[in-house]
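This report refers to the structure that appears directly beneath it.
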Amino acid sequence: MRSDGEPLLRVTDLVKYYRAGGLFARPAPPVRAVDGVSFDIGRGETLGLVGESGCGKSTVGRTVLRLQEPTSGQAVFDGADVFALGRAELRRLRRRMQIVFQDPYGSLNPRMRIGSAVAEGIEIHGLAPRAEIPGRVAALLEEVGLDPTYARRYPHEFSGGQRQRIGIARALAVQPSFIVCDEPVSALDVSVQAQVLNLLADLQRHRGLSYLFIAHDLAVVRQVAQRVAVMYLGRIVETGATEALLREPRHPYTIALLSAVPEPDPAGQKRRVVLPGDPPSPSAPPAGCPFHPRCFHPAKSDRCRAELPLLRPVGATRVACHYAETPPAAPL
Amino acid sequence: MSRVLEVENLRVTFPGADGRRVAAVDGVSFGLSRGETLALVGESGCGKSLTALSLLRLVPTPGRIEPESRIRLGDADVLGLEGAALRAIRGRRIGMIFQDPMTSLDPVFRVGDQIAEGILAHFPVSKREARERAITLLRDVGIPDPSARADAFPHQLSGGMRQRVMIAIALAAEPEILVADEPTTALDVTVQAQILEVLDGLRTARGMAVLLITHDLGIVAGRADRVAVMYAGQIVEEAPTAGLFARPSHPYTQGLFESIPRLTGPVERLRPIPGTVPSATAWPSGCRFRPRCPHAFEPCGREPPVHEVAPDQRMRCWLESEKGDLRSEK
């Protein structure tokens, strides 16, 4: 393991296009799910990746792990060029990069006892002698807050929150240093969501884990991530330290997104930006700035319709907006 | 304000494994006034959706509304109605929208026709007039280019657009009450803001009463006049929205507030409610929140009283009646 200032994961210019249309369908323009995304994640750090459905945030997570092959770009994980690795090397690397999904039920085999599900990774990667595996599984279940005797039960015997803990234990079993958390608490009730968020924070502290935390809920991201990147239509439109970005958002989309989050405080009701329309289709993104058709920035100009703004440092964050120096107030 | 709906001691039961019936909704009472939004808040399995379905007598079999329950809609006894009289209430006087618009829209009919169908069922108008009204409704719910969109099939619309269509269908009959069961849970926040804005505008314009079922306290804060918090089939606290947020009194309500991550203020470790919501077959005797409650004490083994903790704010709890003020303890 290297201990210099290099980030654990560096993703550069990641692109993932999906070919549209079936075998016999007319050729259609590709769906540009991820269109040039770059970010770093340090050791022990959490980067929150935020955006609405279809913005490409989950595709980023899966492509970085090579659960899906990228169209182009580079991902360097602890010195290894992830997209250039052969089968065997990739398998070794997978031990260090894990994923936790939104729906733990969908990722657990209903006929497999959860003890075996948790043990699977340990066996595949030969991480412990056979005799030691039950003890390891018991310790993992305990670490995620489950009774070790649950190892003999089946997935359907557990609640949503417990299943998410099982999903986390399974990811931890191979001793990863990096976990992609893809909407890990979105399907849970608030009281259970809080339990799982605390668990993820504890695990990060004890094990020095790095997380790419994918979520649509900005308040949840604020709870776990030191840095955050906001995605819109396959691109990062604003990124920076979480507190700075929430306090002083500069991209009109970030401003709209923040203003739309319903705050549990009847006295502090804020002015909401109600964005017109829906996000455009990623198979036909608008020319220029992808946000321009819905943008409410008073300085919006022909330049926005023609020229793609690149991420650049303005104020406390990096923003992809031609007019980031004068961020708009939330309009009525 | 005039009461349009009065629910009293609502009990909904299902057959349990041992042959005895299990009450998933157990003694729920609330009222709803004209032009008011009441939020029914709680986590999965607390009985909030079943309560909503009961208003329309849509409790799925083998569920049953027990005879001691009372639901009064104006001067009509909803639980005594059958046949045509019941149909005259469903949709016509109480409209309903659900979380997932795709499963409630018919995929093979154009959305304009689906709205017009409702209008034709409730009003003596021509087909042409029904279509015109449908287009007006689509415009009211904020659908751009409504006459073109009326010819679209549901799959051609985005999730937000479909939910708008559902609202248009529910409004077609000009109901006195709109029951909205997690109307924006499946939608992105920016779309959610649009839909809630539409609902609020329509409520004000039409003086409709809204029963908003949600798990999201953020939505409640901005949209509801009053809140009823449900836990394990019962309302555990009811209050005007401002009062509930300023002074959550029931330990469960307090636990909910301490569990939500916030966008402002210092980032602190969340204080979740320990354990999980028990299923209806395993609700404890006495106070149902007792096993998870940080303040549980000896009387909690008995059924807690409902008492007033502030003007118009009631909770179902032994605290304050026997142990002094909960807040001053903290």
For B:R70, what charge total do you get from the other residues with a beta carbon under 12 Å from its beta carbon, if Lys and Arg give +1 and Asp and Glu give -1? -3
Please state the shape class of the protein assembly as shown: rounded when a/c is under 1.5, otherwise prolate if a/b exceeds b/c and oblate if not, all from the C-alpha gyration tensor. oblate
In what order do A:K57, A:K16, B:K127 fall by count of nearby beta-carbon atoms within 10 Å, going from fewest to most? B:K127, A:K16, A:K57
Under the definition of partner shielding as Cβ atoms of other protein chains within 10 Å of a residue Cβ, what is the mean value for peptide B:179-191? 4
Measuring from centroid to centroid over Cα atoms, what is the spacing of the range A:113-183 and the range A:30-84 in Å? 26
Ranking B:H215, A:H206 by Cβ neighbours within 10 Å, fewest first, what do you get? A:H206, B:H215
Within the set of other residues whose C-beta is less than 14 Å from the C-beta of A:P155, count the net charge using Lys and Arg as +1 and Asp and Glu as -1. +4
Average Cα contact separation per residue, chain B, under 8 Å, 6 or more apart, as relative contact order %: 20
If I take all pairs of Cα atoms in chain A, what percentage of them are more than 39 Å from each other? 18
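For B:215-223, what's the mean count of beta carbons from other chains sitting within 10 Å of each residue's beta carbon?
Average neighbour count from other chains, rounded to a whole number: 5.
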Segments A:178-187, B:198-207, B:226-235, A:35-44 sorted - mean Cβ within 10 Å per residue, highest first: B:226-235, A:178-187, A:35-44, B:198-207
Any number yet on Rg/Rh for the range A:179-332, C-alpha, Kirkwood? 0.99
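For a protection proxy built on the mean count of beta-carbon atoms within 10 angstrom, sort B:292-303, B:37-48 highest first, please.
Highest mean packing first, the order is B:37-48, B:292-303.
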Counting other chain Cβ atoms within 10 Å of each Cβ in B:261-269 and taking the mean gives 6
Expressed as a rounded percentage, what relative contact order does the range B:207-303 have, with Cα pairs under 8 Å and six or more residues apart? 20
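Bear in mind that the values in this text are calculations on the coordinates, not laboratory data. Quick caveat: nothing in here was measured; it's all calculated off a predicted structure. Note: ideal-geometry Cβ built from the backbone for every residue, glycine included; neighbour counts use all protein chains shown.
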